[in-house]
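Every read-out reported here was derived from the displayed coordinates using simple, explicitly stated rules and does not represent laboratory data. The structure displayed is predicted, hence computed values, not measured ones. Virtual Cβ from ideal backbone geometry, glycine too; neighbours counted across all protein chains shown.
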Amino acid sequence: MSGPSTYVPKNAAARWLEQRLPILGFAHDSFVAYPTPKNLNYWWTFGAILSFMLVAQIVTGVVLAMHYTANTNLAFNSVEHIMRDVNWGWMIRYLHANGASMFFLAVYIHIARGLYYGSYKAPREVLWILGVVIFLLMMATAFMGYVLPWGQMSFWGATVITNLFSAIPLVGDAITTWLWGGYSVDNPTLNRFFSLHYLLPFMIAAVVGLHVWALHVVGQNNPAGVDIKDVAKDSVPFTPHATMKDALGISVFLMLFAWFAFFVPNYLGHSDNYIEANPLVTPPHIVPEWYFLPFYAILRAIPSKLGGVIFMFGSIAVLFVLPWLDTSRVRSATYRPLYKIFFWLFILCVICLGWLGSQPPEGGAVLAARILTAYYFIHFLVIMPLLGLFETTKPVPASIADAVLAKQAGQAGAAH
Amino acid sequence: MMKRSLSLGLIVAGLAGALTVSAMAEDAAKAAAPAAHEAAAPAEEGGGHSQPQPPRNDWSFAGVFGHYDQAQLQRGFRVFREVCSNCHSANLLAFRNLSEPGGPEFSEAQVKALAAEYKVKELSDKTGDIEERPARPSDHWPAPFANEIKAREANGGALPPDMSVLAKARSFHKPFPFFIFDALPGLSYQEHGVDYITAIMNGYRDEKPHGAKADDTLAAGQSWNEYMPGYKIGMPKPLSDGAVDYTDGTPKTVDQYAKDVSAFLMWTAEPKLEQRKKTGMRALIFLLVLSGLLYATKKRIWSNVPH
């Protein structure tokens, strides 16, 4: 955390550098000496997993960009050229495509962990808001990346999503034309998407830097939801304790990643994207990638186009104000028996919305999507503020050390 | 702490177990799958919506240790060459691919001779005219029609799709929860496209299929097909028993041709499949060992810390 560095340079060169640019001391304080709550569980390894995935996506993406051609006549075949003729190209491309899914899986777990343990509450509001910004940037990046192979879903997904902007009153059509660089999704659109798809990950990296900075100012939340009071009793040094635990988390997560990339690489994709984009043939069902499905369901649940767009963006915008919607003084759901139930109901709601997003919008699916969309917003706008006022919480431990003692006593008791 | 280390141990052990038994489980899954498919496909009467799902075939390239059956790819190539390629292009397929590892693996001499039987057009650097020359192994498979307009003109208005990645560009929907099982180790099913193509080849019917709408009729050139979405297909029945000569004693039946050419199309769509699965197995074993070592190290580091 903030304060004078405890770093002592071990040799003359390090001392020389430290006097001119204290970068070694900064790294030491941030990733070695940094006090980590000792009660963190494995859900806390997802921050490290996400950092790893960002780097992995950038590395594979930079290599893909060496072989990819952003031109409507050449893009589809250039991706197939990567799959067929570039050495290990198939691997780089499958790692990148499935890496996006793994990135979103990890970020959803990371967000859910934050929701469960109240990691967005004071003094972590800015940390949380930066996280939502990263999430939005990720969505934009993933959307534009999916357009690049120029398959049918690429083209029609891009058409559907960019068309949303035409719902904006008065200037909507002008904005859409400006986004497209023409009067439909075409070569200028593909070119700018490629350019932005390359740019945004570095913006994500920058906001991740701010996110980690904010984290290191306020300290990590933890399952008990109480801050570190006594560094000696409540925390352990980041290295080797958290470093090794994060490494284990990454390694196990990579097994899942490897399973998808090497054994079921097309499972999460859509077969229509192996058909080259054709503006004259509309696919029977246009569906986005799985990680956008809950939001797609919200978009389609609202009968008006503008309303759908507002609700879809609103479903993420509401996260920005969550720190002020939650009125409970207790952070962790461990001590909030009612919130714990509503948390899982909310998770169920989002999963069901995701499934509805993959279904054709007909009959019962539309009604279900409307009910669940309503519940999504009720959760944040009604349940969260009221719960804090009416919920009877369990006693919160005085410190992390106390929480650990109580947990061990509980486990010992359970063992008898 | 005990509880947590136990649960993590279980996760790692579970992953390891899932991997080691997946080969066995796959066999069991294959045996069980047809029943699941039949159960999953509701027999809706005359609704015109619920079509039977393509039956699941036993492919050599399925599963974690999957590899192509070289003889099957060679037979499939024969069907592709003599039947499919009369109307369908395969623009991404180069002659040289036919001799590359993990494919039909014809000899380089065979491929050279094969290529020489085809003509390709090229801008001559001597005359500046477009001239025909015999194809070389580096050339791509010549398309049967010069362009889409010609292709449609010759096929009653229908466009025969390019076959390069067709086996990955076709699929069918499996209802919840069956589509989830397709992703799981041991049950994984990635052969929707090949099974679909095989089913289409076998799906031609003289009578209107059961599920088609009562007032549906065929337009000129169309045929009934059990597995084509909407039951109507623009392609005339391409295969008949004995149409392609097999010299290795394999039965010359439509079903056999269908399977062989589907396998060949899987290879054209995914020529690096064998390398992918081999690399994946190595990656998983490496990660499993790494996770075990990291777990032991982590446990030791945390052994003095109550947490």
Whole-Hz Karplus ³J(HN,Hα) for segment B:244-252, in order, using 6.51 cos²θ - 1.76 cosθ + 1.60 and θ = phi - 60°, x for Gly and Pro?
10, 7, 9, 9, 9, x, 5, x, 8
Can you list the residues, at least 5 places off or on another chain, whose amide H is less than 5 Å from the amide H of residue A:236, using H built in the peptide plane?
A:36, A:38
Sorting A:291, A:243, A:145 by the position of each Cα along the dipole of chain A (Lys, Arg +1; Asp, Glu -1; all at Cβ), the one nearest the positive end of that ordering is A:243
Residue by residue through segment A:235-241, what is 3J(HN,Hα) from phi via Karplus (6.51 cos²θ - 1.76 cosθ + 1.60, θ = phi - 60°)? Round to whole Hz and write x for glycine and proline.
10, 10, x, 3, 9, x, 4
Cα centroids of segment B:209-234 and segment A:201-240: how far apart, whole angstrom?
62
Could you tell me the extents of segment A:97-174's C-alpha atoms along the three principal axes, largest first, rounded to whole Å?
42, 37, 15
How far apart, in nanometres, would the label points at residue A:381 and residue A:210 be if each is projected 7 angstrom from Cα along the Cα-to-Cβ direction?
2.7
Distance check, please: which entries in A:38/A:121; A:394/B:298; A:233/A:407 exceed 22 angstrom between their Cα atoms?
A:394/B:298
Eigenvalues of the Cα gyration tensor times 5, then square-rooted: what semi-axes does that give for segment A:287-416, in whole angstrom, largest first?
36, 17, 12
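Below 8 Å, C-alpha to C-alpha, sequence gap of six or more: please give me the relative contact order for segment A:287-416 in percent.
Averaging sequence separation for qualifying contacts and normalising by length gives 36 percent for segment A:287-416.
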Rounded to the nearest 10 degrees, the helix A:46-67 long axis (Cα) sits at an angle to the longest Cα principal axis of chain A of 30
Note down the relative contact order for segment A:58-189 as a percent, whole number, built from C-alpha pairs under 8 angstrom at least six residues apart.
18
What whole number of Å gives the distance from the Cα centroid of segment B:186-202 to the Cα centroid of segment A:107-135?
42
With label points built 7 Å along Cα→Cβ from the Cα atoms of residue B:130 and residue A:229, find their separation and express it in nm.
8.4
Most to least packed among A:60-69, B:143-152 [average Cβ atoms within 10 Å]
A:60-69, B:143-152
Any residue on another chain or 5+ positions along whose placed amide H is under 5 Å from the amide H of residue B:232 is listed here as B:225
If amide H atoms are built 1.01 Å from N in the plane of the peptide, which residues on other chains or at least 5 residues away come under 5 Å of the amide H of residue B:120?
B:133, B:135
Select from A:23, A:33, B:222 the residue farthest towards the positive end of the dipole of the protein assembly as shown; place +1 on Cβ of Lys and Arg, -1 on Cβ of Asp and Glu, and compute about the Cα centre.
A:33
Would you work out the relative contact order for chain A, in percent, from Cα pairs under 8 angstrom that are 6 or more residues apart?
22
Exercise: per-residue mean of other protein chain Cβ atoms within 10 Å, B:170-177:
2
Cβ neighbours within 10 Å from other chains - mean over B:271-282
4
Let me know the shape class of segment A:162-208, please: from the alpha-carbon gyration tensor, a ≥ b ≥ c as square roots of the eigenvalues, rounded when a/c is under 1.5, otherwise prolate if a/b is greater than b/c, or oblate.
oblate
Over all directions, what mean area does the Cα convex hull of chain A project, stated in square nanometres?
25.0
Pick out, from B:110, A:11, B:85, the residue whose Cα sits farthest towards the positive end of the charge dipole of the protein assembly as shown, with +1 on the Cβ of Lys and Arg and -1 on the Cβ of Asp and Glu.
A:11
Centroid-to-centroid separation of segment A:243-282 and segment A:1-67 [C-alpha atoms, Å]
28
Taking θ as phi - 60°, what are the ³J(HN,Hα) couplings along segment B:140-154 by the Karplus curve (6.51, -1.76, 1.60), each to the nearest whole Hz, with x for Gly and Pro?
8, 4, x, 6, x, 10, 5, 7, 5, 4, 4, 4, 5, 4, 7
For the protein assembly as shown, I need the span (max minus min coordinate) of the C-alpha atoms along each principal axis, in Å, sorted largest to smallest.
83, 63, 60
Summing -39500 (n - 2.57) over every DSSP H run of at least 4 residues in chain A and dividing by its residue count gives a helix-only mean residue ellipticity at 222 nm, to the nearest 500 deg cm²/dmol, of -20500 deg cm²/dmol
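Report the charge-dipole magnitude of segment A:287-416 in Debye, nearest 20, computed about the Cα centre from +1 at each Lys and Arg Cβ and -1 at each Asp and Glu Cβ.
My answer is approximately 160 debye.
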